[in-house]
Amino acid sequence: MWIIEHCYWPLLHISQKYNIPLGIELSGYTLELIHKYDNEFIQTIKSLVKKNRIEILGSGYSQAIYPLIPFQSNLYNLTIANELYDKYLGTVPQIAYVNEQVYSQGMISLFSKAGYKAIIIDRLNSPLQRSALSENKSIYHSLYSPRNIENADGDKLTVLWNDSIAIQKFQRYTQGTSTFEEYLQYLFIIENNHPFSVFPLYGSDFEIFDYRPGNMSRFFTSSF
């Protein structure tokens, strides 16, 4: 309950107050737990989905590392989660956030068969980004341009790029270890060197905001 109140609700409040569209990833298991402890949160996010203020990103029922698990088990994991998204939120995601940002070629068939049109993975750790740039740099004018991928069976997906450096920069700003001016300078440098139409400001856990587990204080100043 504490995490739902202090970490999850503020995210919805940002979307409501500032009319900012957000993409939120929830596993099926997380969705079940939130429904159990705070159904008002579920109803609020469902309302924001209907208003196109929130887009749900799928990931499966459990946070499985797909390349380490048999195909049929992975497909079952995704299918169960899609049923829960539809049941609780009235939507079936078209974009998946890949767990632990670990990619393998088999994911093209996996996510396609589960009904997904696109996946989100970290560009810095992906062989897809490196191969794209080596194949034809001219058509990838930006490191953040989406890429269409296809396997030998004709299954297709669009890849949307996450960025682990952008994640760290955003976290440092919100936690007060860097200033807003420093964060803006980072964004200006990225824009000047790699023009983009979309940019992944933050693509990681939001439990880390206003909560620190273990022996550390769970309270700290957030720029939100």
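The values are calculated or read from the model by the stated rules, or taken from the named source; none is laboratory data. All values reported here derive from a predicted model rather than from experimental measurement. As a convention, Cβ positions derive from the backbone with ideal geometry for all residues, glycine included, and neighbour counts pool all protein chains shown. The accessibility values were calculated without ligands, DNA or RNA, using every heavy atom of the protein model including side chains. Shrake-Rupley method; radii C 1.70, N 1.55, O 1.52, S 1.80 Å.
Of all residues in segment 66-93, which are of a type in the set (Val, Ile, Thr) and either open to solvent by 40 Å² or more (accessible area, probe 1.4 Å) or in a helix (DSSP H, G or I) (or both)? Listed by number, the residues that qualify are Ile69, Thr79, Ile80, Val92. For Ala96, the test of being more than 20 Å from Gly203 (Cα to Cα), at pLDDT 95 or above, buried (at least 20 other Cβ atoms within 10 Å of the Cβ) and in contact with a strand residue (DSSP E or B) (Cβ under 9 Å, 6 or more places away or on another chain) is failed. Annotation note: Cβ proximity below 9 Å between a residue of segment 63-75 that is farther than 21 Å from Glu32 by Cβ and a residue that is at pLDDT below 95 and part of a loop (DSSP other than H, G, I, E, B) (sequence gap 6+ or interchain) occurs for Pro67/Val102; Pro67/Tyr103; Pro67/Ser104; Pro67/Gly106; Leu68/Val102; Phe71/Gly106. Could you look through segment 153-188, keep only residues that are under 24 Å from Ala118 (Cα atoms) and of a type in the set (D, E, K, R), and pick out the one that is surrounded by the most Cβ atoms within 10 Å (Cβ to Cβ)? For segment 153-188, the residue satisfying everything is Asp163. Is it fair to say Glu55 is outside any strand (DSSP E or B) and of a type in the set (Asp, Glu)? Against the criterion (outside any strand (DSSP E or B) and of a type in the set (Asp, Glu)), Glu55 does not qualify.
For the residues Ser131, Ser126, Ser104, the requirement of being under 23 Å from Ala152 (Cα atoms), crowded, with 17+ Cβ neighbours inside 10 Å and modelled with pLDDT under 95 singles out Ser126.
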